[in-house]
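Have a look at the structure below before the remarks.
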Amino acid sequence: MEFYEVVNKRRSIRQFEDREIPREVLERILDAGLKAPSSNHQRRWELLTLTDKTLILDLAKFIRPYPCRITEPKTPQQEMFKIAYPRQRSMIEEAACVILPYFKQKYTFDNDKNGYGLMDYGATWALVENMLLAATAEGIGSVVHIPVKKEPEQIKAFMNVPDGYYLPALVVLGYPAKDALLPSQVEATVKNKVRWNKW
Ligand SMILES: Cc1cc2nc3c(=O)[nH]c(=O)nc-3n(C[C@H](O)[C@H](O)[C@H](O)COP(=O)(O)O)c2cc1C
């Protein structure tokens with residue numbers, strides 16, 4: 001797929017077919033992530049990649065669907081809440097692969113030493129976006145889940161992750177279900193979001 005087609009095609013998919021992703025496809029997606037830029041060329045990433053369905057189902061038990069009272073969405077955000085909130089657990093249960101992109105947290109986020117804590121966090125998001133795009137190019141649906149409340153500690157204990165590692169997001173992958181629900185997009189274009197040469 002051509003690069004701009006990939007960029008335009010990527011959407012957050014939260015309903016998946018019950019179908020495995022071949023190992024070589026996953027390796028290409030992971031490899032694309034590992035090509036991302038990183039601050040000070042640190043690449044402090046460790047990607048814990050789950051393909052074992054029993055393990056994925058056990059992991060999903062830690063993720064709580066968010067409550068959502070919206071029945072008649074009036075904005076694209078509300079459409080997204082209505083689709084996404086109840087599916088935070090089921091999208092993981094249905095996934096063929098969940099990637100946990102940990103990074104070694106050398107500096108805390110509030111460390112004022114050149115914002116280093118945020119740099120490693122930012123570098124991990126560059127890696128995540130590369131993987132989301134690579135997944136799209138491979139015909140694989142993807143979405144991220146941000147671990148909240150007790151989830152980071154529970155996942156860390158469940159997967160025996162050593163101390164000192166931080167998980168910014170779970171990357172959830174699978175072949176998209178044919179009827180996967182998509183909210184409409186918030187418009188962000190060069191016309192409405194870009195200022196040239198002055199504010
Ligand atoms: C920083 C960040 C956090 C997000 N957190 C979640 C999340 O926890 N659960 C979820 O289902 N989607 C999450 N998303 C996906 C957004 O909801 C999605 O990107 C947005 O609704 C636009 O839809 P699109 O990705 O299809 O363009 C997150 C995206 C970003 C960039």
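Every read-out reported here was derived from the displayed coordinates using simple, explicitly stated rules and does not represent laboratory data. Computed from a predicted structure; not experimentally measured. Here the Cβ positions follow ideal geometry from the backbone for every residue, glycine too, while neighbour counts run over all protein chains shown.
Tell me the net charge near Val25. Cut-off is 12 Å between Cβ atoms, Val25 excluded, with +1 for each Lys or Arg and -1 for each Asp or Glu.
-2
Using Cβ contacts closer than 10 Å as the measure, can you line up Val172, Val148 from fewest to most?
Arranged by neighbour count, lowest to highest, Val172, Val148 become Val148, Val172.
Treating cross-link reach as a plain straight distance, find the lysines whose alpha-carbon is under 26 Å from the alpha-carbon of Lys74, omitting any fewer than eight places away in the same chain.
By straight Cα distance, Lys74 reaches Lys9, Lys82, Lys178, Lys191, Lys193.
Hey, could you pull the Cα Rg and Dmax for the range 60-99, both in Å?
11.6, 33
Hey, in the GNM for the chain with a 10 angstrom Cα cutoff, which one of Tyr121, Tyr166, Tyr107 fluctuates hardest?
For the chain, modelled as a Gaussian network with Cα springs under 10 Å, the answer is Tyr107.
Mind checking the range 110-188 for trypsin sites (Lys or Arg not before Pro) that DSSP puts in a loop (not H, G, I, E or B) and that have at most 13 other Cβ atoms within 10 Å?
Lys113, Lys149, Lys150, Lys178
First select every other residue whose beta carbon is under 9 angstrom from the beta carbon of Ile70; then total the charges, Lys and Arg +1, Asp and Glu -1.
Taking every other residue near Ile70 into account, the sum is +1.
Can you put Arg195, Arg64, Arg11 in order, fewest other beta carbons within 10 Å first?
Arg195, Arg64, Arg11
What helices in the chain pass both tests, a Cα length along the helix axis of 30 Å or more and a mean Kyte hydropathy of 0.0 or higher, using whole DSSP H runs?
Helices meeting the criterion: 116-137.
Would you work out the relative contact order for the chain, in percent, from Cα pairs under 8 angstrom that are 6 or more residues apart?
Once divided by the residue count of the chain, the mean separation gives 36 percent.
Please list the non-local residues whose amide H lies under 5 Å from the amide H of Thr49, H modeled 1.01 Å from N, same-chain partners needing a gap of 5 or more.
Here Leu100 satisfy the definition.
Can you give the Rg and Dmax of the chain based on its C-alpha atoms, in angstrom?
17.5, 54
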